[in-house]
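The values are calculated or read from the model by the stated rules, or taken from the named source; none is laboratory data. All of these numbers come straight from a predicted model, not from anything done at the bench. As a convention, Cβ positions derive from the backbone with ideal geometry for all residues, glycine included, and neighbour counts pool all protein chains shown.
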Amino acid sequence: MSFTYLQKIPTPAQITQQMPMSAKLIKIKVARDKDILNVLKGKDHRLLLIIGPCSADDEDALCEYVSRLARLQNKVKDRLILIPRIYTNKPRTTGQGYKGMLTQPKASEGPNIAQGIKAIRRMHVRVLSESGLTAADEMLYPGNYPYLEDILSYVTIGARSVENQEHRLTVSGLDIPVGMKNPTSGDLNVLLNSVQAAQVQHTFIYNGWEVKTQGNRLSHCILRGAINHHGQSIPNYHYEDLMRFTQLYLKRNLANPAIIVDTNHANSDKNFQEQPRIAEEVMQSLAKSKDLKKMVKGLMVESYLKEGRQEPGGKVFGQSITDPCLGWPDTKLLILKLADKLSTFKV
């Protein structure tokens, strides 16, 4: 075997004991979870906006960004629920590059997962303390989820993980909404199979235990576009795409059917500046169709303090070191436009 054992990783119980959630923060989370759940169940007609940087690489910049979101949340609270993206693991297609704060608590330094676990826990608690907004994170590695399970209000499963059985089974045991992205191939039946698998009971091995789950009826779909065999992006956010997928989705008779539209990735051909236009088109589609208004529960947007991206180790405060993002001025404008558009919808 070629494994070199570097250090013992602290258990979730040890980490949560060191950095517990206060009673005040637990109360905030319970209220936020209820609001988000009601949107997905169709009891609340607000729209979810899962928004933030491609990866959360700097605690201070991330806290500044989410504090700005919190001020906007107060202005749009009757139409939008803002869920900050605090993505602490970064999937790498080739396995190379910055892998997120959990692996590299300081992007300019090498891996230190034991310290990374503490860093992401500390950041999530601080964000919630300062902003009152519970966050979303991507579950790239199911074994890491227990370190944040008492903090997160939303989880995503990425396009490269959605066919993985461990991810599907783990989702079946979560008690918060989980958005599952269509695979990079764009195969929508694979996506629906994943949601169906996550909604039923399972018995399997998880974190050293044989566990039984009850199924997660809040698991649902995220459309993020696809890549064809020529490497070209194929969007799936247009009106016709949403209508076809709605029909396919409803045939499955799954619990709480819901669609989140990712405005970046293959939907934008990784052109981050297209995100406001795509969001506007989706809103136009919702205005045209009552069926889509019921099915599409939110949007996902990549944005940060500064527009674009920089290389890891860059010195621009609040600029992505992975995929390029919208800057704050365009982010604020987008949120306010979405809220204005929603105010014209008939409930």
Qualifying residues in region 133-178 (those that are crowded, with 18+ Cβ neighbours inside 10 Å and among the small types (Gly, Ala, Ser)) - the one nearest to Gly225 (Cα to Cα): Ala159
State which residue is surrounded by the most Cβ atoms within 10 Å (Cβ to Cβ) when the search covers only region 216-231 and only residues that are of a type in the set (A, V, I, L, M) and over 17 Å from the mean Cα position of the chain (by Cα). Ala226
The lone exception for Leu191 - which of (1) in contact (Cβ under 8 Å) with a residue 60 or more places away in the chain; (2) in contact with a strand residue (DSSP E or B) (Cβ under 6 Å, 6 or more places away or on another chain) it fails: (1)
Breaking point among (1) over 23 Å from Asn74 (Cβ atoms); (2) in contact with a helix residue (DSSP H, G or I) (Cβ under 9 Å, 6 or more places away or on another chain); (3) in a helix (DSSP H, G or I), for Lys24: (1)
Within region 194-232, tally of residues that are of a type in the set (A, V, I, L, M, F, W, C), touching a strand residue (DSSP E or B) at 6+ places or on another chain (Cβ under 6 Å) and within 22 Å of Asn38 (Cα to Cα): 5
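Residue-by-condition table, conditions (1) part of a helix (DSSP H, G or I); (2) farther than 14 Å from Gly52 by Cα; (3) of a type outside the set (Ser, Thr, Tyr):
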{"residue": "Gln275", "(1), (2), (3)": "yes, no, yes"}
{"residue": "Ser285", "(1), (2), (3)": "yes, yes, no"}
{"residue": "Glu311", "(1), (2), (3)": "no, yes, yes"}
{"residue": "Lys341", "(1), (2), (3)": "yes, yes, yes"}
Consider Ala279 carefully, then state whether it is among the small types (Gly, Ala, Ser), in contact with a helix residue (DSSP H, G or I) (Cβ under 7 Å, 6 or more places away or on another chain), in contact (Cβ under 8 Å) with a residue 60 or more places away in the chain and buried (at least 17 other Cβ atoms within 10 Å of the Cβ). no
Residues in region 116-126: is at least one under 16 Å from the mean Cα position of the chain (by Cα) and under 21 Å from Leu6 (Cα atoms)? yes
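Table: residues versus (1) at pLDDT below 95; (2) assigned to a strand (DSSP E or B); (3) of a type in the set (A, V, I, L, M); (4) at positive phi.
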| site | (1), (2), (3), (4) |
| --- | --- |
| Thr93 | yes, no, no, no |
| Gln96 | yes, no, no, no |
| Pro105 | yes, no, no, no |
| Gln115 | no, no, no, no |
| His124 | no, no, no, no |
| Leu128 | no, no, yes, no |
| Thr134 | no, no, no, no |
| Ile151 | no, no, yes, no |
Residue that is nearest to the chain's Cα centre (by Cα), among those in region 36-62 that are assigned to a helix (DSSP H, G or I) and crowded, with 17+ Cβ neighbours inside 10 Å: Ile36
Take Lys90 and decide whether it is among the basic types (Lys, Arg) and surrounded by fewer than 17 Cβ atoms within 10 Å (Cβ to Cβ). no
What residue, of Asp291, Asp269, Asp323, Asp262, is in contact with a Cys (Cβ under 7 Å, 6 or more places away or on another chain) and either among the charged types (D, E, K, R) or surrounded by fewer than 17 Cβ atoms within 10 Å (Cβ to Cβ) (or both)? Asp323
Check whether at least one residue in region 71-92 is in contact with a strand residue (DSSP E or B) (Cβ under 7 Å, 6 or more places away or on another chain) and of a type in the set (Phe, Trp, Tyr), and report yes or no. yes
I'd like to know if region 304-319 contains one or more residues that are out of contact with any strand residue (DSSP E or B) (no Cβ under 9 Å at 6 or more places or on another chain), loosely packed, with under 14 Cβ neighbours inside 10 Å and under 17 Å from Arg224 (Cα atoms). no
If you check Glu302, Glu311, Glu307, which single one turns out to be free of Cβ contacts under 8 Å to residues at least 12 places away in the same chain, within 27 Å of Leu62 (Cβ to Cβ) and among the acidic types (Asp, Glu)? Glu311
Is it the case, given these coordinates, that Leu254 is assigned to a loop (DSSP other than H, G, I, E, B), over 20 Å from the mean Cα position of the chain (by Cα) and within 24 Å of Lys43 (Cβ to Cβ)? yes
I'd like the full set of residues that are in contact (Cβ under 8 Å) with a residue 60 or more places away in the chain, outside any strand (DSSP E or B) and more than 15 Å from Tyr98 (Cα to Cα), limited to region 314-327. Phe317, Gly318
